[in-house]
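Worksheet for the structure shown next.
The values are calculated or read from the model by the stated rules, or taken from the named source; none is laboratory data. From a predicted model like this one, the values you see are computed outputs, not experimental measurements. No Cβ is skipped: glycine too gets one built from the backbone with ideal geometry, and neighbour counts run over all protein chains shown. The protein model used for the area step is the full one, side chains on, heavy atoms only, and it has no ligands, DNA or RNA in it. Shrake-Rupley method; radii C 1.70, N 1.55, O 1.52, S 1.80 Å.
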Amino acid sequence: MAAAKDRVQPAPRVGTCSAELARRAAAIAHSDLRSRQALDLAPELTSRLEAAEIRAHALASAGGHCDESRRGAALDFVTAVATALTLDPDVTPADVTDVVAQAAAAIGIARGAANLAVFQRALASPDANELPPRLAYWFVLQLLVELGPADAVSLWTAPMPGRIECVASAGEAATSRRHRLSARALLEGSEGLVDDPATHVRGVVVPRWDVPYAALIARSRPEMSARLAVYLSEACSALSRRFESERLFERNEEVERVLVSASERRLTRLGCDLHDGPLQDIVALADELRLARAQVSSLLEDDLAARVRGRFDDLEARLVTLDQGLRDISQAIRSTSAVERPVEDALRVEVDALNRAGLIRAQLTVNGDVGGLTASQRIVLFRVVQEALSNARKHSGATQVRVRLRSSARYVSVTVKDDGCGFDVAAARHSGRLGLTGVIERVRLLGGDIEIESSAGGGTRVRATLPRWSRATDPTEPVYAVTA
């Protein structure tokens, strides 16, 4: 069954909404609840901004009549706006800069002070903390250009002695030879700080556990040098935490690879043995059955021969069903099907197999770009869907199952929902009969979470969410290859 793709949304027209967003920020700062104009933005973006506005009004009210508290709440709202717009691929950096500038004027704060306050708040915001490390690096650098004094900025690491690589950049010519040479000087230890007035390039070391780990290089106008130093210092603190987060992701993925590789190899070997053994025996048995039908029919009178042939036809039909069932099992337990093909194709195979059984109508929907997942992530999503569909087929009595795979810049999730009889989740966990237990641990090892909702007569909903993360370099060996 073909997967339904997201329709292309029109680009948000932020320019037409800048004044309205600034008015809303001023309303928070001045406790003004006058009527608002609608935001001509994408629905999901509008929903996020309005939720941030409600929160900011609540914070302003909680602070009483304190002007400082209300301005702080207004800046929180502006920060949420700047963060959401920066992460929206359809919004230009100029839009973000313009919104913050107009909001600062409406609130009554100097533009430079507002930019720095929003920058600091954005680095510590929940939305920023939820970003996968590589996207978080880009986010910090993009804010340095949009809100800070940098014209271009780049982040460099040294994955091995004598080699440096740029892991994120923002602005024009951010990876130029000048930036690269400055980064090399910092990472090779010849300098602790780069500040070249002639080229207007400034660079600082980003430490990890007080040891130089990366180089943050920025270019700005000469008169902005002092301000740039302040912004780079704030960015270094945020980036240092993000590097540690990336290391944690890498360690967890490595643990997951070690823990599950043996079981996946056994399953893959079982799938191969099933294909090369019992399935080939079924093919041979089908040939023997056809030969037996011909031989027996030749010895009988026409009326009796017709009845016997009908019986043989029934046996052949059951043999075909058995063959297809075993082939589906063989394909399903071979994890390579989830690694060697796009994850949506692997899931579609599972959904189509359930539809062929004829008892449940299954549907797959894919929203967003699900490319770029690691092998471990694809395997885990595949196993979640596989186990949930198996439970629906065996235990739920459902007539319909919906599988939804959704991807955003920050996470990828898969949801399996059926209309079956449901069950007591707490009792199943306590008895150890929850089939998803092993998959749950694997989801959590990859930094994700899994939700299971069910009630008697209300169906079951399983949702697994993983952060969008990938290694800087792919592993040299496949995770689940069959070993001799």
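Would you confirm whether or not the stretch 220-233 contains a residue that is among the small types (Gly, Ala, Ser), at pLDDT 65 or above and touching a His at 6+ places or on another chain (Cβ under 9 Å)? For the stretch 220-233, residues among the small types (Gly, Ala, Ser), at pLDDT 65 or above and touching a His at 6+ places or on another chain (Cβ under 9 Å): present. Of all the numbered requirements in (1) surrounded by 16 or more Cβ atoms within 10 Å (Cβ to Cβ); (2) within 11 Å of residue 459 (Cα to Cα); (3) modelled with pLDDT of 85 or more, residue 403 misses one, and that requirement is (2). Consider the stretch 366-378 and keep the residues that are more than 15 Å from residue 463 (Cα to Cα) and in contact (Cβ under 8 Å) with a residue 60 or more places away in the chain. The one that is most open to solvent (accessible area, probe 1.4 Å) is 372. Residue 53 falls short on exactly one of the conditions (1) open to solvent by 30 Å² or more (accessible area, probe 1.4 Å); (2) under 16 Å from residue 121 (Cα atoms); (3) within 31 Å of the chain's Cα centre (by Cα), and that condition is (1). The numbered conditions (1) modelled with pLDDT of 85 or more; (2) open to solvent by less than 40 Å² (accessible area, probe 1.4 Å) are all true for residue 323 except (1). Considering (1) of a type outside the set (A, V, I, L, M); (2) open to solvent by less than 10 Å² (accessible area, probe 1.4 Å); (3) within 27 Å of residue 25 (Cα to Cα), the lone condition that residue 137 does not fulfil carries the number (3).
Meeting the requirement of 3 or more residues that are in contact with a helix residue (DSSP H, G or I) (Cβ under 7 Å, 6 or more places away or on another chain) and touching a residue at least 40 places away in the same chain (Cβ under 8 Å), the helices (runs of 4 or more DSSP H) wholly within the stretch 96-170 are 111-123, 133-146. Of the residues that sit in the stretch 140-180 and are among the polar types (S, T, N, Q) and within 21 Å of residue 200 (Cα to Cα), which one is most open to solvent (accessible area, probe 1.4 Å)? Taking the candidates together, the pick is 175.
So, residue 83, is that one part of a helix (DSSP H, G or I), at pLDDT 80 or above, crowded, with 21+ Cβ neighbours inside 10 Å and not aliphatic (A, V, I, L, M) or not? It is true that residue 83 is part of a helix (DSSP H, G or I), at pLDDT 80 or above, crowded, with 21+ Cβ neighbours inside 10 Å and not aliphatic (A, V, I, L, M). Please verify whether residue 125 is closer than 20 Å to residue 234 by Cβ, open to solvent by less than 40 Å² (accessible area, probe 1.4 Å) and in contact with a His (Cβ under 7 Å, 6 or more places away or on another chain), treating the condition exactly as stated. No, not satisfied. Here's a check for you: in the stretch 293-307, which residue that is hydrophobic (A, V, I, L, M, F, W, C) and exposed (fewer than 15 other Cβ atoms within 10 Å of the Cβ) is nearest to residue 346 (Cα to Cα)? Checking each candidate, the answer is 294.
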